[in-house]
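Colleague: I have a structure I would like to understand better, so I am pasting it below and will then ask my questions one at a time.
The values are calculated or read from the model by the stated rules, or taken from the named source; none is laboratory data. Computed from a prediction, not measured in an experiment: that's the story for all the values here. Note: ideal-geometry Cβ built from the backbone for every residue, glycine included; neighbour counts use all protein chains shown. All accessible areas refer to the heavy atoms of the entire protein, side chains included, with ligands and DNA or RNA removed. Shrake-Rupley method; radii C 1.70, N 1.55, O 1.52, S 1.80 Å.
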Amino acid sequence: MGDNEQLDIAEIDRLNRKALSCLASNRAETNRLATLSMNAASRISYQRGIAHAQLNLLSVLFHSGEYDKSEAMCTPLPAMFKSLNDPEGGMTAAVCLGAIATRRGDFASSASHLESARQLASQIPDSLNKFSLYNRLGIDALSRGDISAGPRNFLLALDIAERFGTASHRVNMLSNLASCQHDLSNDEDAIPLLVEALEIIHNEHLFAQQPLVSGNLAMCLLATGKVAEALQVITPFFNVADMDIDDKAFIYSIGAHASILLKNLDRAKSLLDQAHEFALIGDNYEEQMHAWLVRGMLDMAAGRVRVALVSLNHARALLSYTRNPFYQQQIFKGLATIHARLGKWKNAYTYLEQYQGHVEVSNKSAHDSRLLMRHLESEMKTLKEERDIALEKHAAREAENQKLEVLNKELTHQIDHVNALQSSLQEQAIRDHLTGLYNRRHFETCLNAVLEESGGKFPVAVVILDLDFFKRVNDTYGHPFGDDVLIRFARLMESNLRGSDMLCRYGGEEFCMLLRDMNSDMATNKMTAIAESYRELVVERGGQTLTGFTFSAGIAEYPQHGLTRNELLMRADTALYCAKLAGRNRSMVATGD
């Protein structure tokens with residue numbers, strides 16, 4: 001197709017749609033097709049074609065970090081689309097302006113533009129342009145710290161991608177959903193999403209998206225302690241020229257972080273200097289903050305405590321551009337550590353309180369997010385099945401089209417309904433103040449819900465643990481030392497939990513675990529592994545050191561050992577008593593039916 005070839009309106013519209021479909025995976029092709037469309041539309045004075053070509057061209061500029069140019073091109077477009085009576089184009093232009101405002105940290109302007117886009121979206125049927133709306137609403141929600149709206153909108157975008165988009169759009173949404181889970185410390189939920197995205201990339205040869213998805217996977221691996229594996233995932237993308245500047249900043253910062261943990265400080269500095277440069281070139285405030293955070297880690301690893309404070313303060317100053325919970329926690333935790341090292345205990349305590357506050361909010365948000373995702377996926381699966389049936393009938397009878405529209409509206413309504421229920425959850429004291437674990441009341445409520453959900457379809461193991469000779473620890477070393485033992489044990493247990501497991505402090509030195517879809521044999525093996533780690537735990541306080549800890553555990557399995565919460569807890573407690581009588585330092589399973 002030559003640049004001077006005469007195209008009609010239908011062919012120009014087709015070019016613009018094709019350019020839009022390439023945006024997620026091949027922006028060079030988007031730029032080429034949009035330029036062809038722009039020239040062809042200009043020759044026949046087709047204003048709608050010109051406007052949509054401009055949308056695609058400015059989107060390429062935006063993703064290349066040229067925000068001023070993209071904003072200058074986009075600003076007149078809402079009025080142009082309004083004069084053309086094109087709500088779909090007006091919606092897309094408002095989404096672009098919202099994205100630019102979010103990138104600049106102007107969340108008020110972004111919210112205004114996105115609200116305009118949402119109102120226009122109600123006037124048009126689902127299309128690939130709505131994918132851009134829901135994707136941007138999800139990204140904007142995460143930037144504002146709204147962890148419930150983020151997954152909801154990404155799931156809506158994923159639904160649009162499956163019906164109107166390409167494999168690259170599905171990869172985009174899987175990666176964004178995984179980012180949500182990582183930011184809430186649900187890394188075990190995030191990793192399968194990213195693995196699925198990488199499989200699609202390899203099968204469909206979508207290698208332009210591989211760096212970002214691999215970077216997200218490396219972040220999750222770092223968070224789960226798999227440092228060498230994380231570095232291995234992203235090393236192939238160092239020194240790759242044909243890669244988005246933002247992706248370069250992100251990947252090089254992760255590489256620097258991993259290198260610090262592996263004690264390779266020279267390599268960390270080299271990677272970090274490049275990451276900082278890329279973030280500045282791309283005018284990307286979040287990646288600048290990321291780079292300053294990692295630089296603070298590097299300074300601390302090199303013993304430059306006061307320099308590290310300067311770096312972390314730079315990172316904190318950029319928090320106004322994003323309310324990402326992961327970065328908030330890391331920055332305040334780092335500031336608390338630095339001030340403690342400098343002997344500024346009051347400042348350290350203040351930052352530690354802020355860090356703890358963010359952690360508590362994030363832990364609750366993470367739990368609520370998992371529940372929300374389950375509800376949304378269940379609702380969407382059911383409604384998609386109904387919609388597919390309606391689509392089949394639509395091919396035979398035109399009248400069924402109305403039923404399809406009703407189902408689409410019901411899908412949106414149900415998601416809004418689930419979100420309203422999630423948002424109305426009352427804030428209550430559901431955590432133990434010392435360990436940060438769930439308390440007994442909340443645990444028992446959740447246990448009831450899981451047993452009802454199972455209905456005998458899958459096993460549920462309940463484990464009650466008691467720390468052996470804990471009173472002796474308190475009497476010998478003091479209660480503050482005993483508190484440290486409880487806290488360290490809680491963290492050890494949490495590191496061994498799956499996303500579907502639950503742990504609470506049951507009282508004193510007793511803890512209780514809920515292990516979904518796990519029988520008593522599997523639970524016993526898990527307790528054996530945890531017991532080995534607990535024996536190797538070293539607790540130090542005030543010059544005193546203690547190790548060689550043990551615990552006793554009683555295990556009961558649903559439905560084998562009981563059909564109700566009280567029966568299971570009673571049988572597990574009895575098994576715990578038997579474990580103590582047998583000499584402690586062991587796990588025993590309830591006997592009998």
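Colleague: Hey, could you check the stretch 283-293 for residues that are out of contact with any Gly (no Cβ under 8 Å at 6 or more places or on another chain) and open to solvent by 10 Å² or more (accessible area, probe 1.4 Å) and say which is modelled with the highest pLDDT? Spell out how you get there, then give the answer.
Modeller: The initial filter retains those residues of the stretch 283-293 that are out of contact with any Gly (no Cβ under 8 Å at 6 or more places or on another chain), namely 286-292.
Now narrow it down to the ones that are open to solvent by 10 Å² or more (accessible area, probe 1.4 Å): 286-288, 292.
On the way: Glu286: 87, Glu287: 91, Gln288: 93, Trp292: 96.
Of everything passing the filter in the stretch 283-293, Trp292 is modelled with the highest pLDDT.
Colleague: Leu319 is checked against (1) open to solvent by 30 Å² or more (accessible area, probe 1.4 Å); (2) out of contact with any helix residue (DSSP H, G or I) (no Cβ under 6 Å at 6 or more places or on another chain); (3) in a helix (DSSP H, G or I) and fails just one. What number does that condition carry?
Modeller: (1)
Colleague: Restricting attention to the stretch 226-246, which residues are in contact with an Asp or Glu (Cβ under 9 Å, 6 or more places away or on another chain) and of a type in the set (Lys, Arg)?
Modeller: Of everything in the stretch 226-246, nothing turns out to be in contact with an Asp or Glu (Cβ under 9 Å, 6 or more places away or on another chain) and of a type in the set (Lys, Arg).
Colleague: If you check Ser175 against the conditions, is it touching a Leu at 6+ places or on another chain (Cβ under 7 Å), within 30 Å of Glu494 (Cβ to Cβ), surrounded by fewer than 22 Cβ atoms within 10 Å (Cβ to Cβ) and among the polar types (S, T, N, Q)? Show your work before the answer.
Modeller: On the way: touching a Leu at 6+ places or on another chain (Cβ under 7 Å): yes; within 30 Å of Glu494 (Cβ to Cβ): yes; surrounded by fewer than 22 Cβ atoms within 10 Å (Cβ to Cβ): no; among the polar types (S, T, N, Q): yes.
Here the answer is no, as Ser175 does not meet what is asked.
Colleague: Could you grab me the full set of residues in the stretch 142-173 that are in contact with a Cys (Cβ under 9 Å, 6 or more places away or on another chain), among the small types (Gly, Ala, Ser) and modelled with pLDDT of 80 or more? Steps first, please.
Modeller: Of the stretch 142-173, the ones in contact with a Cys (Cβ under 9 Å, 6 or more places away or on another chain) are 142, 147, 150-151, 154, 166, 168.
If we keep only those that are among the small types (Gly, Ala, Ser) as well, we get 150, 168.
Ser168, the sole residue that qualifies.
Colleague: Has the stretch 539-550 got at least one residue that is among the aromatic types (Phe, Trp, Tyr) and touching a helix residue (DSSP H, G or I) at 6+ places or on another chain (Cβ under 9 Å)?
Modeller: Of the residues in the stretch 539-550, the ones among the aromatic types (Phe, Trp, Tyr) are 549.
Still in the running and touching a helix residue (DSSP H, G or I) at 6+ places or on another chain (Cβ under 9 Å): 549.
Yes, the stretch 539-550 has at least one match.
Colleague: Now for a different question. Considering (1) out of contact with any Gly (no Cβ under 7 Å at 6 or more places or on another chain); (2) over 22 Å from Asp283 (Cβ atoms); (3) open to solvent by less than 10 Å² (accessible area, probe 1.4 Å), say which one Met80 fails and leave the rest.
Modeller: Here Met80 clears every test but (3).
Colleague: Can you pull out every residue in the stretch 543-593 that is under 21 Å from Ala529 (Cα atoms), open to solvent by less than 20 Å² (accessible area, probe 1.4 Å) and part of a helix (DSSP H, G or I)?
Modeller: Ala572, Ala575, Leu576, Ala579
Colleague: Show the residue pairs meeting these rules: Cβ distance below 6 Å; 6+ apart or different chains; first residue within the stretch 539-553 and under 14 Å from Asn474 (Cα atoms); second residue among the basic types (Lys, Arg) and open to solvent by 80 Å² or more (accessible area, probe 1.4 Å).
Modeller: Matching pairs, first to second residue: Val539/Arg488.
Colleague: Which numbered condition trips up Leu280, out of (1) farther than 15 Å from Gly334 by Cβ; (2) without any contact (Cβ under 8 Å) to a residue 40 or more places away in the chain; (3) crowded, with 16+ Cβ neighbours inside 10 Å?
Modeller: For Leu280, the failing item is (3).
Colleague: Another question, if that's okay. Suppose we filter Val473, Val462 for residues that are touching a Gly at 6+ places or on another chain (Cβ under 6 Å), of a type outside the set (S, T, N, Q), crowded, with 19+ Cβ neighbours inside 10 Å and touching a residue at least 40 places away in the same chain (Cβ under 8 Å); which single one remains?
Modeller: Values: Val462 fails: touching a Gly at 6+ places or on another chain (Cβ under 6 Å).
Of Val473, Val462, the one residue that is touching a Gly at 6+ places or on another chain (Cβ under 6 Å), of a type outside the set (S, T, N, Q), crowded, with 19+ Cβ neighbours inside 10 Å and touching a residue at least 40 places away in the same chain (Cβ under 8 Å) is Val473.
Colleague: Looking at Asn216, Asn176, Asn203, which one is modelled with pLDDT of 90 or more and out of contact with any Ser or Thr (no Cβ under 8 Å at 6 or more places or on another chain)?
Modeller: After ruling out the rest, the residue left standing is Asn203.
Colleague: In the stretch 59-70, which residue that is part of a helix (DSSP H, G or I), open to solvent by 50 Å² or more (accessible area, probe 1.4 Å) and of a type outside the set (Lys, Arg) is modelled with the highest pLDDT?
Modeller: Asp68
Colleague: Show the residue pairs that are 6+ apart or on different chains and have beta-carbon atoms under 8 Å apart, the first residue being within the stretch 427-448 and over 14 Å from Glu510 (Cβ atoms) and open to solvent by 70 Å² or more (accessible area, probe 1.4 Å), the second being among the aliphatic types (A, V, I, L, M) and modelled with pLDDT under 90.
Modeller: Listed pairs, sorted by first residue: Arg441/Ile430.
Colleague: Taking the condition of being closer than 21 Å to Ala141 by Cα and polar (S, T, N, Q), how many residues in the stretch 175-211 meet it? Spell out how you get there, then give the answer.
Modeller: Within the stretch 175-211, the subset closer than 21 Å to Ala141 by Cα is 175-187, 189-190, 193-194.
Add one more test, that the residue is polar (S, T, N, Q), and what stays is 175-176, 179, 181, 185-186.
The total comes to 6.
Colleague: Restricted to the stretch 54-112, and to residues that are out of contact with any helix residue (DSSP H, G or I) (no Cβ under 6 Å at 6 or more places or on another chain) and among the aliphatic types (A, V, I, L, M), which residue is nearest to Asn39 (Cα to Cα)?
Modeller: Selected residue: Ala72.
Colleague: So, of the residues in the stretch 349-363 that are of a type in the set (Phe, Trp, Tyr) and surrounded by 15 or more Cβ atoms within 10 Å (Cβ to Cβ), which turns out to be modelled with the lowest pLDDT? If you could, list the steps in order and put the result at the bottom.
Modeller: Filtering the stretch 349-363 down to residues of a type in the set (Phe, Trp, Tyr) leaves 349, 351, 355.
Then keep just the ones that are surrounded by 15 or more Cβ atoms within 10 Å (Cβ to Cβ); that gives 351, 355.
Working: Tyr351: 88, Tyr355: 82.
So, considering only residues that are of a type in the set (Phe, Trp, Tyr) and surrounded by 15 or more Cβ atoms within 10 Å (Cβ to Cβ), the one modelled with the lowest pLDDT is Tyr355.
Colleague: Among residues belonging to the stretch 115-140 that are over 17 Å from Leu20 (Cβ atoms) and assigned to a loop (DSSP other than H, G, I, E, B), point out the one that is most open to solvent (accessible area, probe 1.4 Å). Write out each step before concluding.
Modeller: Narrowing the stretch 115-140 to residues over 17 Å from Leu20 (Cβ atoms): 115-116, 118-119, 122-123, 137-140.
Going one step further and asking which of them are assigned to a loop (DSSP other than H, G, I, E, B), we end up with 122-123.
On the way: Ser122: 98, Gln123: 124 Å².
Selected residue: Gln123.
Colleague: So, one more: Consider the stretch 18-58. How many of its residues are surrounded by fewer than 16 Cβ atoms within 10 Å (Cβ to Cβ), among the basic types (Lys, Arg) and within 22 Å of Leu97 (Cα to Cα)?
Modeller: Total meeting the criteria: 0.
Colleague: Go through (1) part of a loop (DSSP other than H, G, I, E, B); (2) open to solvent by less than 70 Å² (accessible area, probe 1.4 Å); (3) more than 23 Å from Ala161 (Cα to Cα) and name the single condition Gln6 misses.
Modeller: (2)
Colleague: Mind listing just one residue for me: the one in the stretch 504-530 that is over 14 Å from Leu465 (Cα atoms) and either touching a residue at least 60 places away in the same chain (Cβ under 8 Å) or among the charged types (D, E, K, R) (or both) and, of those, least open to solvent (accessible area, probe 1.4 Å)?
Modeller: It comes out as Ser520.
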